[in-house]
1. Within 10 Å of each candidate Cβ there may be at most 13 other Cβ atoms; applying that plus a DSSP loop requirement, which GluC sites (Glu not before Pro) in segment 1-75 survive?
2. Can you give me the long-range amide H partners of D8? Hydrogens built in the peptide plane at 1.01 Å from N, cutoff under 5 Å, separation of 5 or more residues or another chain.
3. Please turn the phi angles of segment 211-227 into ³J(HN,Hα) values with the Karplus equation 6.51 cos²θ - 1.76 cosθ + 1.60 (θ = phi - 60°), one per residue in order, whole Hz, x for glycine and proline.
4. Between the DSSP loop rule and a limit of at most 11 other Cβ atoms within 10 Å, which chymotrypsin sites (Phe, Trp or Tyr not before Pro) in segment 74-143 are left?
5. Where in segment 74-88 does the label zone of E132 land, with the point 7 angstrom along Cα→C-beta and an amide N cut-off under 18 Å?
6. Search the structure for amide H atoms under 5 Å from the amide H of M89, placed 1.01 Å from N in the peptide plane, and list their residues when 5 or more places away or on another chain.
7. Just to check I understand the Karplus step: with θ = phi - 60° and J = 6.51 cos²θ - 1.76 cosθ + 1.60, what whole-Hz values come out for segment 110-121, glycine and proline as x?
8. Test of the criteria: in segment 1-58, which chymotrypsin sites (Phe, Trp or Tyr not before Pro) are in a DSSP loop and have at most 10 other Cβ atoms within 10 angstrom of their Cβ?
Amino acid sequence: MTSAICFDVLTLFPGIFEGFLSESVLKAALTTQKIEVRLHNMRDWAEDKHATMDDRPFGGGPGMLLKVDRVVPCVEEIQRRQKPGRLLMFTPQGRCFNQMFAEELATEQRIVMLCGRYEGFDERVAEILKPEEVSIGDYILNGGEVAAMAVIETVMRLVPGILGDEDSNRFDSFSTGNRILDCAHYTRPREYRGFSVPEILLSGNHAEIARWRKNNSLQQTKEKRPDLLAAVSENSHSENSPLKTEPKFSQISIIKNQNQCK
Ligand code: ADE
């Protein structure tokens, strides 16, 4: 069986991925060959006996940079081994990774991911390879490995047949069926320390439950992530607004695939 999607990860620290790939949903997806993850240690492309991968920046300054003459041959060889994949390079300067970006990546057969370390890459790596630079948020990690794990985990959830229920990711927060936050969920016990499950969820009235969930989802988004809601129609502020009783999702336009991380 050939897997639906293959991730090639180029890293100096393949060991970081060991636990991540050997538990839970990822372990199952790998065992059943629904996805494939190949780890490549970039140090194997260093020709000197110390396997030097980094060097000091010209012009001075702190930290070390990944060397262009180590990284480029490594990426080129990995890409040549089969039909070249979509090449991502993790840097804090990149396009912000989000659910819509993940949906785009889930249509690929092969994704090649280049993980930086130290102060980053010699700029010529980007000039020569022209990768898509990707960031997972406005903060600085020690390297791209955690970002690669975030991409693998988010994209693999979108591969059909991986999650138990085919629909179970459609209504996740930010997803195709629901670009805002998911509603609140409850399970047994019905009451705990004086906190009860909303009555409506116990009613068995599916239409009412669906209405409650839509409303709760909208409410959660307004409170926790108002930035996801934009341009709610003018009359939504009036007392008899339909939004006060039943949210009309056609009235809410969600900010399009933002390129900046929030
Ligand atoms: N490398 C360091 N910080 C990063 C970030 N926020 N996203 C992607 N790669 C990174």
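Quick note: the coordinates plus some simple rules give every number you see, no bench work behind them. Values in this document were obtained by computation on a predicted structure and should not be read as measured data. Because the Cβ atoms are built from the backbone with ideal geometry, glycine has one as well, and the counts that use them run over all protein chains shown.
1. Values: sites: E18, E23, E36, E47; in loops: E23, E47.
Those that pass, being in a loop and sparsely packed, are E23, E47.
2. Placed amide hydrogens put R38, I111, V112, M113 under 5 Å from D8.
3. So the J values, rounded to whole Hz, are 5, 4, 5, 4, 5, 5, 4, 5, 4, 4, 5, 4, 6, 9, 9, x, 5.
4. Filter output for segment 74-143: Y139.
5. 79, 83-88
6. Long-range HN contacts for M89: L114, E132, E133, V134.
7. 9, 10, 10, 10, 9, 9, x, 8, 6, 7, x, 9
8. Numbers: sites: F7, F17, F20, W45, F58; in loops: F58.
Here the chymotrypsin sites (Phe, Trp or Tyr not before Pro) that fit, given the DSSP loop and packing criteria, are F58.
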